[in-house]
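Asks: Following this message is one structure expressed as structure tokens.
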């Protein structure tokens, strides 16, 4: 070690420039003092000095836009004269933001505008949820019709992942026939008009068979939704069959309701389709032909809203998602006009009537929240405007508690849709902070769900409760919905920047990504348990929606972080087997979802093969046609199915209750500096 003596001249120490730029001062690094400084030149960042020592305040969005323009100018040729630059994925264009400042509506978010100063290094981060980025995304169907890719939609998420993977591998757009577009899976055999000359008479089932079909609907739907009032419906059913010569028996709203229930019952009992037409579709079509115009509904709002709920749920199950959303929206408006969202007075309207209206309202509320999120659209009504009380079920004390949990999950779905995928997902740097808030709300529900409706999957002697499984599936769907934007962001970073392939979000956000993966695995485990007991729903869309959402995550997780999910082939195999179970029961939508999964698995396998240069056999053949239910699925050569991995967060493998503390710990791990790190990784590596 060299010592300094009194005789030796003191070493001249390097002194930081007194005139450091804002960026170097904020980062606490040495600044050359030049303008622009060396550090900002290397990072292609805007170099701003504060020579006079006064505070210089600019909008972060404006500064970041300048950084992005500088980065884009390095890798793109100059735009032709008269061309318009694409909007930034981090928010609005700088000029557009200045124009918006004159709009009174923009004042609602004025408190979100953050400033950067030389005195204050901390500021609100600014990273965007790419699934909700502007401008909006559209995709053409094979017939040329353009479909909007909704922000929180499972279908849109699958389409976007397939699109960027296909473009990355094949350097060509994704073919339109790679995805199932709205309303193409089934053919109901009716295009709208009422044909009074139709010679085909509708064969109404016998009384005992009708009762059997009605009870099947009650078993499959009764715990989750209110579609009809049981006692009154059976009374009207007996009256219908006791008056065979009454010409007015087929001209009432109840008859339309009856036909819809028969349509549900036939598909639950018979399952198999005649070609592309589901069993019992003739009852649904006749009900739609007899449906009165909308101005009739206010005359009998109770029967009308129950009918509209049946129509919406049926259309959702046959993948007419847009029409389903339209009908549940109509039910919502009829219910609002009648005041079902309010605290209806029992003394004036009667206890029985009010109780029925409450059951109808909360069914509409749950279906509307779920269908709106599945479409990726804004919500229709704020929770603060609802005063409707919970109904009381004398025959089952736990049913009210279960309904309360279902409503809370529906509200969390709406919150995720509004915050993570809404305006806060696109602007002002609130994307990950909204994720944090949503996970904290889910943590508040975790303990209640675990205590009230425990699954006990690995405890002998306990069967899986269908209602409990349904709510746990919704719970894990909420986690996947809240965390998959980060998964998509990481995936897109790896695809679009060669310099960013060694920079991954998993180092900082590993627990969030792991939570997304483990919830996806939990969904598969729950569905396998339901299938083992013959309780897997093959027509109602909840199980298929859950499987679709989880399978996409399980397919791409290894690309985001290869070390995090080395047993990917086994999980993909298990997902495909569940799709096969639904396909064998006659679900045509499941065959398309399986095809999409196979295509994605093929492309992810090619990427892993190119990355690792290791021989790999995929779990599927992406060239199989969508409706081939005999699609072979194979594991990697000489590899046996892997055992279940431990699910560290939710205790699903051991049957323990869900841990609120672990969820809160993961949520609290999201800090401002983490978001700023991602912000810098995106800007400095020229992503997008």
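Asks: Could you order the peptides 231-240, 378-387 from most to least packed, using the average number of other C-beta atoms within 10 Å per residue?
Replies: Ranked from most to least packed, the peptides come out as 231-240, 378-387.
Asks: Additional query: Under a crude label model (7 Å from the Cα following the beta-carbon direction), how far is residue 395 from residue 337 in nanometres?
Replies: Going by the 7 Å Cα→Cβ label model, 3.2 nm.
Asks: Another question, then. If I take every Cα pair under 8 Å that is 6 or more residues apart in segment 207-385, average their sequence separation and divide by the length, what percent do I get for the relative contact order? Don't skip to the end; give the middle numbers.
Replies: Values: 159 pairs, mean separation 35.4, N = 179.
Reported relative contact order: 20 percent.
Asks: For residue 26 and residue 215, FRET efficiency with R0 = 60 Å and r from the beta-carbon atoms, rounded to 0.05?
Replies: Values: r = 68 Å, r/R0 = 1.13.
After rounding to 0.05, the efficiency reads 0.30.
Asks: So, one more: Can you pull the one-decimal nm distance between simple spin-label points at residue 440 and residue 141, each 7 Å off the Cα toward Cβ?
Replies: Once both label points are built, they end up 4.3 nm from each other.
Asks: For the pair residue 203/residue 251, report the inter-label distance in nm, with labels modelled 7 Å from Cα in the Cβ direction.
Replies: That separation, rounded to one decimal, is 2.8 nm.
Laboratory data are not the source of any read-out in this text; all were calculated from the coordinates shown. In this text, all values refer to a predicted model and were calculated from it rather than measured experimentally. When we count neighbours, we look across all protein chains shown, and the Cβ atoms used for this are built from the backbone with ideal geometry, even at glycine.
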